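Q: Quick one: this structure, given as structure tokens, is what I'll be asking you about.
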Amino acid sequence: MIAPLSRPLLDALTATVGANGLLWDRGDMMAYECDGYVIEKHCPDIVVFPTTTQQVSDVVRIACAFDIPIVARGAGTGLAGGTLPVGGGMLIVLTKMTAIEEVHLRDRYAVVQAGVVNIKLNERLKGTGYHYAPDPSSQGACTIGGNTATNSGGPHTLKYGVTVNHVLGVEVVFSDGSIVRTGGPSRTPGLNLTGAIVGSEGTLAIVTRVWVRLTRLPQAVRTMLIEYGSVDEACRTIGEIIGAGIIPAALELMDQGIVRALEAAFSFGFPLDAAALLLVEVDGIEDGINQQMERVVELATECKATGVRHARDSAERQKLWKCRKLTGAAIGRLAPNYTTQDGVVPRSALPHILQYIANLSARSGIEIVNVAHAGDGNIHPNLLFDEREPDQIERVIRVGQEILEECLACGGSVSGEHGIGVEKISLMDRMFSADDLD
């Protein structure tokens with residue numbers, strides 16, 4: 001914790017961002033003591049809300065002058081504790097930097113401030129024939145600056161890629177307050193510094209402005225919900241689809257626990273007796289899209305699918321995706337608290353890791369329900385608990401670690417899209433050497 005806030009510090013910050021740009025009362029700051037990783041909490045000593053890159057720079061310089069550690073934060077939807085002010089210090093919150101500054105359809109890029117909510121850019125683009133492709137499940141709340149810091153993914157990354165594939169350039173503030181721009185809409189020579197900053201979780205710089213790639217919307221989209229009597233059969237279908245040379249726009253897996261929670265929350269008409277569901281979406285030009293869809297259904301049938309439901313129109317497709325992206329809200333019906341894990345395994349190891357998780361759940365007494373960006377092996381086990389029971393918190397942390405260790409044993413990774421944060425820092429030496437980490 002920093003020393004009691006001094007009048008010179010408060011005066012300097014007030015002169016920079018105004019009295020309405022500061023919080024330092026503990027009651028006001030409790031909303032900032034954790035992000036989406038609710039297991040660990042650290043209250044900051046002061047919260048600052050800049051509205052421009054220059055203000056961010058000035059705030060960083062003030063923090064340096066007063067020897068105060070800083071952590072940047074967006075909407076706080078991160079799931080790995082990446083925005084926790086461990087040990088106290090200053091939170092620089094960028095949610096007031098919400099301008100969509102430029103949209104260039106001809107050159108297929110836009111320029112946005114870091115606090116722009118992901119879905120707001122696509123709302124701005126509605127009717128243009130273009131979209132910003134990265135679509136994290138929290139896209140109704142998460143910011144593009146936060147997406148950039150964590151290299152966020154989402155259901156459609158299988159075909160379209162993660163955030164780094166759609167960031168052309170960034171403007172950042174370094175730890176000395178200097179402002180630097182890397183990349184941009186035109187190809188630049190030299191090292192890919194933009195690529196290094198994307199996904200660095202605020203450890204290299206604070207992202208304040210982003211140049212993002214805009215992508216043409218596909219002519220045609222077909223969305224299917226495929227039912228299975230076992231998780232293994234669903235997983236086998238995933239390998240068959242990719243092995244056939246089909247790259248769906250999205251290929252999502254939901255187990256029975258998730259499906260029942262979604263049906264209770266949204267009454268979509270999900271089959272409650274299915275052991276697993278695949279949500280498959282193919283898109284592209286109109287010619288040939290039906291054949292691609294039919295081929296997916298053939299492969300699913302060969303893998304013993306018990307039913308296939310096609311989205312009848314755009315409204316049903318949107319409702320289906322709303323259900324998928326609000327799994328977190330639905331899980332709230334199952335337990336007072338939950339934490340979402342994020343690991344990656346080779347697609348061929350999906351049956352093994354999901355069975356491992358089921359066995360671990362039974363052994364530990366921690367209920368776990370699963371969703372997965374299954375097309376690229378990115379699993380999201382949701383561990384249910386009650387934070388009023390300290391023993392449960394300890395078990396949840398231990399079970400989460402065991403899942404990630406098994407992902408590594410399968411040749412996978414400890415994170416596909418959530419990042420490292422405080423949650424996974426202890427596992428970094430399992431993936432990297434000491435020299436790498438230095």
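The values are calculated or read from the model by the stated rules, or taken from the named source; none is laboratory data. Everything quoted here is computed from the prediction, not taken from an experiment. Cβ placement follows ideal geometry from the backbone for every residue including glycine, while neighbour counts extend to all protein chains displayed. What goes into the accessible areas is simple: the full protein's heavy atoms, side chains included, and nothing from ligands, DNA or RNA. Shrake-Rupley method; radii C 1.70, N 1.55, O 1.52, S 1.80 Å.
Q: By how many nm would the segment from Ala19 to Ala244 grow when fully extended, if each residue of separation counts as 0.36 nm and the alpha-carbon distance is taken off?
A: Details: separation 225, 0.36 × 225 = 81.00 nm, distance 6.01 nm.
That works out to 75.0 nm of additional length.
Q: Shifting gears a bit: What are the semi-axes of the equivalent ellipsoid of region 289-438, taken as the square roots of 5 times the eigenvalues of the Cα gyration tensor, listed largest first and rounded to whole Å? Show your work: numbers first, answer last.
A: On the way: eigenvalues 189, 88, 46 Å².
Taking √(5λ) for each eigenvalue gives 31, 21, 15 Å, largest first.
Q: Next question. Considering only protein heavy atoms, what is the solvent-accessible area of Val308 at a probe of 1.4 Å, reported in Å² to the nearest 10?
A: Surface accessible to solvent at Val308 totals approximately 60 Å².
Q: If you keep only loop residues by DSSP, which GluC sites (Glu not before Pro) in region 263-357 have at most 12 other Cβ atoms within 10 Å of their Cβ? Walk me through the numbers before you get to the answer.
A: Working: sites: Glu263, Glu281, Glu286, Glu294, Glu298, Glu302, Glu316; in loops: Glu286.
Answer in residue order: Glu286.
Q: Still on this structure, please answer the following. Would you please give the FRET efficiency between Ala362 and Ala265, computed as 1/(1 + (r/R0)^6) with r the Cβ-Cβ distance and R0 = 25 Å, to the nearest 0.05? Please report the intermediate quantities before stating the final value.
A: Values: r = 25 Å, r/R0 = 1.02.
Rounded to the nearest 0.05, the efficiency is 0.45.
Q: If one takes the longest principal axis of the Cα atoms in the chain, at what angle in degrees, from 0 to 90 and to the nearest 10, does the Cα axis of helix 7-17 lie?
A: The angle comes out at about 60 degrees.
Q: Next question. Run the numbers for Asp313 and Asp107: contour at 0.36 nm per residue of separation, minus the present Cα-Cα distance, in nm. Before the final figure, lay out the partial values.
A: Details: separation 206, 0.36 × 206 = 74.16 nm, distance 3.14 nm.
Taking Asp313 through Asp107 to full extension adds about 71.0 nm, to one decimal.
Q: For every helix of n ≥ 4 consecutive DSSP H residues, a contribution of -39,500 (n - 2.57) applies; sum these over the chain, divide by its total residues, and give [θ] at 222 nm rounded to the nearest 500 deg cm²/dmol.
A: Working: 16 runs with 150 residues, N = 438.
Rounded to the nearest 500, it is -10000 deg cm²/dmol.
Q: Out of residues 5 or more away from Tyr130 or on other chains, whose amide H comes under 5 Å of its own, with H placed 1.01 Å from N in the peptide plane?
A: Close amide H contacts, sequence-distant or interchain: Leu217.
Q: Another question, then. For region 269-285, in order, what is each residue's ³J(HN,Hα) by Karplus, 6.51 cos²θ - 1.76 cosθ + 1.60 with θ = phi - 60°, in whole Hz (x at glycine and Pro)?
A: x, 5, x, 6, 8, 6, 6, 7, 10, 10, 9, 10, 10, 10, 8, x, 6
Q: Could you tell me the convex hull volume per residue, in Å³, taken over the Cα atoms of region 143-182? If you can, show how the numbers build up before the last one.
A: Values: hull volume 2.5 nm³, N = 40.
Looking at region 143-182, the number lands at 63 Å³ per residue.
Q: Of all trypsin sites (Lys or Arg not before Pro) in region 154-225, which ones are in loop regions per DSSP and have a Cβ with at most 16 other Cβ atoms within 10 Å? Could the numbers behind the result be given before it?
A: Numbers: sites: Lys159, Arg181, Arg187, Arg209, Arg213, Arg216, Arg222; in loops: Arg187.
For trypsin sites (Lys or Arg not before Pro) across region 154-225 that sit outside H, G, I, E and B with at most 16 neighbouring Cβ atoms in 10 Å, the list reads Arg187.
Q: Per residue, how large is the accessible surface of region 275-316? Use a 1.4 angstrom probe and give square angstrom. It would help to have the intermediate numbers written out before the result.
A: Working: 2150 Å² over 42 residues.
Here the residues of region 275-316 average 51 Å² of exposed surface.
Q: Also, I was wondering about something else. What is the calculated FRET efficiency for Ser230 to Asp287, with r their C-beta to C-beta distance and R₀ = 45 Å, to the nearest 0.05? Mind dumping the intermediate values first?
A: Numbers: r = 36 Å, r/R0 = 0.79.
Given R0 = 45 Å and the Cβ-Cβ separation, E is 0.80.
Q: May I ask you to work out the translational diffusion coefficient for region 1-46 at 37 °C, viscosity 0.692 mPa s, via Stokes-Einstein with Rh from the Kirkwood sum over Cα pairs, reported in whole µm²/s? Spell out each step's value before the answer.
A: Details: Rh = 11.8 Å.
Translational diffusion coefficient: 278 µm²/s.
Q: Rounded to the nearest angstrom and ordered from largest down, what semi-axes does the equivalent ellipsoid of region 146-249 get from its C-alpha gyration tensor (root of 5λ)? Let's see the in-between values first.
A: Working: eigenvalues 263, 51, 26 Å².
Listed largest to smallest, the semi-axes of region 146-249 are 36, 16, 11 Å.
Q: Pop out the ³J(HN,Hα) list for region 133-139 in order, Karplus 6.51 cos²θ - 1.76 cosθ + 1.60 with θ = phi - 60°, rounded to Hz; leave Gly and Pro as x.
A: 5, x, 9, x, 4, 8, 4
Q: Can you give me the angle between helix 314-325 and the longest principal axis of the chain, using Cα atoms only, in degrees from 0 to 90, rounded to the nearest 10?
A: The angle comes out at about 60 degrees.
Q: Counting Lys +1, Arg +1, Asp -1, Glu -1, what net charge surrounds Gly87 among other residues with beta carbon under 14 Å of its beta carbon?
A: Charge balance near Gly87 sits at -3.
Q: Also: Beyond 21 Å between alpha-carbons counts as too far, so tell me which of Lys96/Lys126; Lys120/Lys319; Lys41/Lys325 fall in that bin.
A: Flagged as over cut-off: Lys96/Lys126; Lys41/Lys325.
Q: Would you compute the Debye intensity of region 24-111 from its alpha-carbon atoms alone, equal scatterers and no solvent, and pass along log10 I(q)/I(0) at q = 0.25 Å⁻¹ to two decimals?
A: Cα-only, vacuum Debye calculation for region 24-111: -1.23.
Q: Work the Kirkwood hydrodynamic radius out for region 55-150: mean of 1/r over every pair of different alpha-carbon atoms, inverted, in Å.
A: On the way: mean 1/r = 0.0681 Å⁻¹.
Its Kirkwood hydrodynamic radius stands at 14.7 Å.
Q: Within region 240-263, what residues put their amide N at less than 20 Å from the label point 7 Å along the Cα-to-Cβ vector of Arg295?
A: So the set is 240-252.
Q: Return the Cα extents of region 60-219 along principal axes one, two and three, sorted largest first, each rounded to a whole Å.
A: Taking max minus min along each principal axis of the Cα atoms, region 60-219 gives 54, 34, 26 Å.
Q: Binning at 5 Å from 0, report for region 266-375 what percent of all alpha-carbon pair distances ends up in each bin.
A: It works out to 2, 8, 16, 20, 21, 17, 10, 5, 2, 1, 0, in whole percents.
Q: May I ask you to compute the full-extension gain from Asp429 to Glu302, defined as 0.36 nm times their residue separation minus their alpha-carbon distance, rounded to one decimal in nm? Kindly include the intermediate steps, with their values, before the conclusion.
A: On the way: separation 127, 0.36 × 127 = 45.72 nm, distance 4.22 nm.
Full extension from Asp429 to Glu302 adds 41.5 nm.
Q: Still on this structure, I have one more. At 37 °C and 0.692 mPa s, what whole-number value in µm²/s does Stokes-Einstein give for the translational diffusion of region 228-272, with Rh from the Kirkwood sum over Cα pairs? Don't jump to the answer; show the numbers that get you there.
A: Values: Rh = 12.0 Å.
D, rounded to a whole number, is 275 µm²/s.
Q: Once the mean 1/r over all distinct Cα pairs of region 197-324 is inverted, what Kirkwood radius in angstroms do you read off?
A: On the way: mean 1/r = 0.0614 Å⁻¹.
With all distinct Cα pairs of region 197-324 included, I get 16.3 Å.
Q: So if we plug the beta-carbon distance of Glu402 and Leu10 into 1/(1 + (r/R0)^6) with R0 = 41 Å, what FRET efficiency do we get, rounded to 0.05? List each step's numbers first, then the result.
A: Values: r = 46 Å, r/R0 = 1.12.
Efficiency, rounded to the nearest 0.05: 0.35.
Q: Tally Lys and Arg at +1 and Asp and Glu at -1 over the other residues with C-beta under 15 Å from the C-beta of Ala300: what net charge comes out?
A: On the way: positive: Arg222, Arg236, Arg295, Lys304, Arg309; negative: Glu227, Asp232, Glu233, Glu240, Glu252, Glu281, Glu294, Glu298, Glu302.
Charge balance near Ala300 sits at -4.
Q: Given 5 Å bins starting at zero, what is the percent of C-alpha pairs of region 332-412 in each, up to the one with the largest pair distance?
A: Computed distribution, short to long bins: 3, 16, 29, 24, 15, 8, 3, 0.
Q: At q = 0.14, 0.16, 0.17 Å⁻¹, what base-10 log of I(q)/I(0) does the Debye formula yield for region 371-438 when every alpha carbon is treated as an equal point scatterer in vacuo?
A: Here the Debye-derived log intensity ratios amount to -0.50, -0.64, -0.71.
Q: Follow-up question, since we're still on this one. Please work out, to two decimal places, the log10 of the ratio I(q)/I(0) at q = 0.21, 0.23, 0.29 Å⁻¹ from a Debye calculation in which every Cα of region 175-214 carries one identical scatterer.
A: -0.74, -0.88, -1.26
Q: State the percent of C-alpha pairs, over all pairs in the chain, separated by a distance greater than 36 angstrom.
A: Numbers: 27904 of 95703 pairs.
Result: 29 percent of Cα pairs exceed 36 Å.
Q: Here's something else I'd like to know. Angle check, please: helix 53-65 long axis (alpha carbons) against the longest principal axis of the chain (alpha carbons), in degrees 0 to 90, nearest 10.
A: 60 degrees
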